[in-house]
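Right, one structure below, let's go through it.
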Amino acid sequence: TVVDGRAILKMSKGSNLCALTFDDGPSSHTERLMEILRERGIHATFFVVGKQVKYHPELIVRLQQEGHEIGNHTYSHKSLRHLSVDAQRSEILSVQELLRKLGVHSRYIRPPYGNFDANTVAGGHHAVVHRQHGLVQAGEH
């Protein structure tokens, strides 16, 4: 099973845990990566870019079916810090909607380049920022 990000944050430093994540897909390499992970019984979190989801929706469904977690990495991989509040909201919510249409619920957002600002957090489209891990928890306030 995929370990929830909140569980990772609560683990003590001596815990024996590794969180495996992949960004910027899905791509032409995702299928081979899935095969390698499946052969080894490993699950991971895939932070996907909306533009790529549109090209490979079937891979998103398969990733979820195979037990991987799907995270949001924005629609076009722009630095959120340099966008207006409305543009930030669009970058995030458009991916949430694409995933929802595929039957996938994404709980986490990884801002591209780790860049976000107070507007990103205050935008009303997510709740919690874990700065040291570059994750933003998705969901409504």
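The values are calculated or read from the model by the stated rules, or taken from the named source; none is laboratory data. Bear in mind that the values here come from a model prediction, so they are computed numbers and not experimental data. Every residue, glycine as well, gets a Cβ built from its backbone with ideal geometry; the counts of neighbours run over all protein chains shown. Protein only, heavy atoms only, side chains kept; ligands, DNA and RNA dropped before computing areas. Shrake-Rupley method; radii C 1.70, N 1.55, O 1.52, S 1.80 Å.
Numbers for the structure displayed
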quantity	calculated
Pair list, Cβ < 6 Å and 6+ apart or interchain, from segment 19-31 residues that are in contact (Cβ under 8 Å) with a residue 40 or more places away in the chain and within 11 Å of residue 71 (Cβ to Cβ) to residues that are open to solvent by 60 Å² or more (accessible area, probe 1.4 Å) and among the hydrophobic types (A, V, I, L, M, F, W, C)	none
All positions within segment 49-90 that are open to solvent by less than 40 Å² (accessible area, probe 1.4 Å) and closer than 12 Å to residue 104 by Cα	53, 59, 60, 63, 67, 68, 69, 70, 71, 72
Residue in segment 91-112 that is least open to solvent (accessible area, probe 1.4 Å), counting only those that are under 13 Å from residue 46 (Cα atoms) and of a type in the set (Lys, Arg)	110
Subset tally (residues that are open to solvent by less than 50 Å² (accessible area, probe 1.4 Å) and touching a Gly at 6+ places or on another chain (Cβ under 7 Å)) for segment 25-45	1
